[in-house]
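Below is one structure; the comments refer to it alone.
The values are calculated or read from the model by the stated rules, or taken from the named source; none is laboratory data. Remember, it's a predicted structure, so these values are computed and weren't measured experimentally. Using ideal geometry, Cβ is built from the backbone for each residue, glycine included, and neighbour counts are taken over all protein chains shown. Keep in mind that these areas ignore ligands, DNA and RNA; they rest on the heavy atoms of the full protein, side chains included. Shrake-Rupley method; radii C 1.70, N 1.55, O 1.52, S 1.80 Å.
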Amino acid sequence: MDPGLTLEHYRHHLEALYGFYAPLEALLASRLGGLLPELRAEERWKLPLLLKDLRDLGHDSASLACLSRNTALPPISGLPEALGCFYVLEGATLGGQLILRHLQRHFTGIPAGDFVFFRAYGEEVGPMWRAFGEALTRTSAEEASELFDARTIQGAKDTFDAFEHWLRQEAEDSSAYS
Ligand code: HEM
């Protein structure tokens, strides 16, 4: 949201999000392993969106392969932690709508791509968020376990911490650009 945001900053931020989402979504997919089809996980992966934006900003397969990937992933040992982690990734789509409008205004007339990552599900962001919440609430009710709920909440907290750690590192790197 920084008024001084340059195209270079924006691209660098997307590169950092790619380095975070790529390994994390792979881990999430393996932990979910087809469980909870009502989550519609396959419709929610953000990696294809980040790839589209990065290619629009000049990346190709060779340069994408050189991007650093987060190895300090949140500990997702099971389904509850996976749900907590997914909650954070899905929640981020809400702010994405505000960021999208800001970027469209900010980069008016500049070839910055279609901002498909921050656009996420477009008109469907609200319904997708509500559907996610309902699936999470139903699963918690079915499990009827305080431990399950505590592990889900810890999964979300660990994901926020991992995001902050990785993006703080990214911000330090990007200060090299300004
Ligand atoms: C309407 C509600 C929301 C608004 C207006 C909002 C706004 C924002 C803004 C402006 C940023 C960018 C900050 C930056 O670049 O420095 C951001 C990032 C983020 N938000 Fe939110 N947010 C909302 C809801 C949520 C919820 C519910 C969650 C999670 C449960 C969440 C998770 C995140 C995460 C993980 C990031 C960092 C990654 C990213 O940029 O996508 N947000 N949010």
* **In region 104-137, residue least open to solvent (accessible area, probe 1.4 Å) [restricted to those that are more than 17 Å from Glu90 (Cα to Cα) and not in a loop (DSSP other than H, G, I, E, B)]** => His106
* Count, please, the residues in region 145-161 that happen to be surrounded by 14 or more Cβ atoms within 10 Å (Cβ to Cβ), over 29 Å from His9 (Cα atoms) and either free of Cβ contacts under 8 Å to residues at least 12 places away in the same chain or not aliphatic (A, V, I, L, M) (or both). => 6
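Here is a list: Glu142, Glu164, Glu170. Which entry is under 16 Å from Asn70 (Cα atoms), surrounded by fewer than 12 Cβ atoms within 10 Å (Cβ to Cβ) and not β-branched (Val, Ile, Thr)?
Step by step, each of Glu142, Glu164, Glu170 is checked, and only Glu164 is under 16 Å from Asn70 (Cα atoms), surrounded by fewer than 12 Cβ atoms within 10 Å (Cβ to Cβ) and not β-branched (Val, Ile, Thr).
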* Would you be able to say whether some residue in region 97-115 is within 18 Å of Phe132 (Cα to Cα) and modelled with pLDDT of 95 or more? => yes
* Tabulated pairs, region 94-106, first charged (D, E, K, R) and near the ligand (Cβ under 10 Å from one of its atoms), second in a helix (DSSP H, G or I) and open to solvent by 80 Å² or more (accessible area, probe 1.4 Å), C-beta under 6 angstrom, 6+ apart or interchain -> none
* Asked: Looking at Gly58, Gly34, Gly78, which is the one that is open to solvent by less than 40 Å² (accessible area, probe 1.4 Å) and small (Gly, Ala, Ser)?
  -> Gly78
